[in-house]
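Structure record follows, encoded as structure tokens.
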Amino acid sequence: MLIIPCEIKTAQKEATLEIAFAGDWVLDAHTPSLESLLAQINKGSSIKHVVFSTEALGHWDSLLMTDIIRIIDQGAYEGIDVDITTLPDGIQGLLSLVYAVPERLDAKRHDTKRRWLEVIGDGAISAVHEAGALLIFVGETVLSVGALIRGKARFRTIDLWINIQDCGPSAVPIITLISFLIGLILAFVGALQLALFGAQIYIADMVGLGMTREMGGFMAAIIMSGRTGAAFAAQLGTMQVNSEIDALKTMGFKPMEFLVLPRMLALILIMPMLCLYADLMGIIGGSLVTVGFFDVSFLEYFDRTAGAIHFKDLMVGVTKCSVFGVLIALSGCMRGMQCGRSASAVGKAATSAVVTCIVFIVMADSTMTLICNRLGI
């Protein structure tokens, strides 16, 4: 098809600027630049109105629509009236669709370079807001625990048992695998050095103490933060999206008591048992390495382990794991309650819950380890 070259002609009569389109305005055509025309449409000029003439217009497609929209937007920006009634009916219909819904103010991405002071300030403000939200959530949780102690907390017992099932027996397979492998790794790492001095028997001491005091509870908490903390955030976030939490408030139920308290109690009750189970599986994993690769019998390994581990070592690990359980429940439930009203917000809440859990766990573990070291425990 032969394309007639397109062109723009302008004619000004007093305060009215007439813009005439001629030729075929299609994507394959070579279109004239609009920059000089747009420069004419400004507040400093005498132009108050803009009209269009399409008598010589041939074929057109989205290319013409794009240029007309640029002219209309320039006129709106400069406060100049642009009359589109002389345009073809098809163009007018498309323009009505374009301007039927106004553009969102935050729809465009603005890639602006931020100064370092602004970044630091925004980070500090965000940290203050996060700390305030955490304090409020912890305060509401303490009030819920107080209501539970007084026997006035309102939640379903079946919810508590369901959460115990999800946090406990359902998590045993992954706890078994990870703890067993951690025991293997500890034994291999220690054996490489101890074997140089013929002290393979002390592998049992290292694995036993390492698992009971530190790695057993720590790895169980990391697993539960990714498994249960994210699940809590996703569950509560979905309820927030579906307005179920608002419905509970309308019916007179406190979400902290009805939703958060059962999940927290379940983790507090189940984490010590998972810690002890993780300790056992780690010791068993270390025994396979010690007995299979070094001249140590099962009896010697477990006898040495029993002599190295004391009750206080078990209590240190169990206490740490109980604290981790509280932190996981707080982080997961807090992020879930803070969730927005969209599907993407649920995913962000779950991700944020895992990150918050791990940060709190590492900080709490290092703090409690330093305290135990100072007190000689």
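If a residue has to be within 18 Å of T238 (Cβ to Cβ) and surrounded by fewer than 21 Cβ atoms within 10 Å (Cβ to Cβ) to count, how many in segment 317-345 make the cut?
7
Looking at (1) modelled with pLDDT under 85; (2) farther than 21 Å from L288 by Cα; (3) in contact with a helix residue (DSSP H, G or I) (Cβ under 7 Å, 6 or more places away or on another chain), find the lone condition where E244 falls short.
(3)
Quick check on S243: is it in the same structural domain as F155 (by TED's automatic domain parsing), touching a Lys or Arg at 6+ places or on another chain (Cβ under 9 Å) and hydroxyl-bearing (S, T, Y)?
Criteria met by S243.
For P5, which of the numbered conditions (1) surrounded by 13 or more Cβ atoms within 10 Å (Cβ to Cβ); (2) in contact (Cβ under 8 Å) with a residue 12 or more places away in the chain fails to hold?
The number of the failed condition is (1).
Can you pull out the residues in segment 136-161 that are aliphatic (A, V, I, L, M), free of Cβ contacts under 8 Å to residues at least 40 places away in the same chain and under 18 Å from G336 (Cβ atoms)? Steps first, answer last, please.
Quick first cut of segment 136-161, residues aliphatic (A, V, I, L, M) only: 136, 138, 142-143, 145, 147-149, 153, 158, 160.
Within this subset, residues satisfying the condition of being free of Cβ contacts under 8 Å to residues at least 40 places away in the same chain are 136, 142, 149, 158.
The answer is I136, and nothing else.
Scan I158, I149, I136, I69 and give me the residue that is modelled with pLDDT of 80 or more and assigned by TED's automatic domain parsing to the domain that holds I19. Write out each step before concluding.
Numbers: I158 fails: assigned by TED's automatic domain parsing to the domain that holds I19; I149 fails: assigned by TED's automatic domain parsing to the domain that holds I19; I136 fails: assigned by TED's automatic domain parsing to the domain that holds I19.
Sole residue among the options that is modelled with pLDDT of 80 or more and assigned by TED's automatic domain parsing to the domain that holds I19: I69.
Report, ordered by the first and then the second residue, all pairs with beta carbons closer than 9 Å, sequence separation of six or more or different chains, a first member in segment 10-24 that is within 16 Å of V82 (Cβ to Cβ), and a second member that is among the polar types (S, T, N, Q) and crowded, with 17+ Cβ neighbours inside 10 Å.
Listed by first residue and then by second, the contacts come to A20/T54; F21/T54.
Scanning for something among the hydrophobic types (A, V, I, L, M, F, W, C), buried (at least 24 other Cβ atoms within 10 Å of the Cβ) and not in a loop (DSSP other than H, G, I, E, B), does segment 236-252 turn up at least one residue?
Of all residues in segment 236-252, those among the hydrophobic types (A, V, I, L, M, F, W, C) come to 236, 239, 241, 245, 247-248, 251.
Filter once more, so that each one left must be buried (at least 24 other Cβ atoms within 10 Å of the Cβ): 236.
Next, only the ones that are not in a loop (DSSP other than H, G, I, E, B) stay: 236.
Yes, segment 236-252 contains at least one residue that is among the hydrophobic types (A, V, I, L, M, F, W, C), buried (at least 24 other Cβ atoms within 10 Å of the Cβ) and not in a loop (DSSP other than H, G, I, E, B).
Residues of segment 161-194 being over 28 Å from V260 (Cα atoms) and either loosely packed, with under 14 Cβ neighbours inside 10 Å or not assigned by TED's automatic domain parsing to the domain that holds D303 (or both), which ones?
If the condition is that a residue be over 28 Å from V260 (Cα atoms) and either loosely packed, with under 14 Cβ neighbours inside 10 Å or not assigned by TED's automatic domain parsing to the domain that holds D303 (or both), then L177, L192, Q193 are the ones that fit.
Kindly establish whether G198 is small (G, A, S) and either at pLDDT 85 or above or buried (at least 18 other Cβ atoms within 10 Å of the Cβ) (or both).
No.
Is it true that A278 is hydrophobic (A, V, I, L, M, F, W, C), closer than 30 Å to R154 by Cα and either crowded, with 20+ Cβ neighbours inside 10 Å or assigned by TED's automatic domain parsing to the domain that holds D313 (or both)?
In short, no.
Applying the selection to segment 144-160, what residues are small (G, A, S), part of a helix (DSSP H, G or I) and surrounded by 14 or more Cβ atoms within 10 Å (Cβ to Cβ)?
The answer is S144, A147.
Could you tell me whether any residue of segment 221-235 is exposed (fewer than 13 other Cβ atoms within 10 Å of the Cβ) and either under 30 Å from F302 (Cα atoms) or of a type outside the set (A, V, I, L, M, F, W, C) (or both)?
Taking segment 221-235 as the starting set, the residues that turn out to be exposed (fewer than 13 other Cβ atoms within 10 Å of the Cβ) are none.
Scanning segment 221-235, I find no residue that is exposed (fewer than 13 other Cβ atoms within 10 Å of the Cβ) and either under 30 Å from F302 (Cα atoms) or of a type outside the set (A, V, I, L, M, F, W, C) (or both), so the answer is no.
Might you check whether a residue that is in a helix (DSSP H, G or I), within 21 Å of D303 (Cα to Cα) and of a type outside the set (D, E) occurs anywhere in segment 259-270?
So far as segment 259-270 goes, no, none of its residues is in a helix (DSSP H, G or I), within 21 Å of D303 (Cα to Cα) and of a type outside the set (D, E).
Can you tell me which residue within segment 265-275, out of those that are over 27 Å from the mean Cα position of the chain (by Cα) and buried (at least 18 other Cβ atoms within 10 Å of the Cβ), is nearest to T319 (Cα to Cα)?
Per the criteria, the residue is P272.
Just one of the numbered conditions (1) among the polar types (S, T, N, Q); (2) more than 29 Å from T141 (Cβ to Cβ); (3) in contact (Cβ under 8 Å) with a residue 24 or more places away in the chain is not true of S225; which one?
(2)
The values are calculated or read from the model by the stated rules, or taken from the named source; none is laboratory data. Since the structure is predicted, the reported quantities are computational estimates derived from the model, not experimental observations. Neighbour counts run over all protein chains shown; Cβ positions are idealised from the backbone, glycine included.
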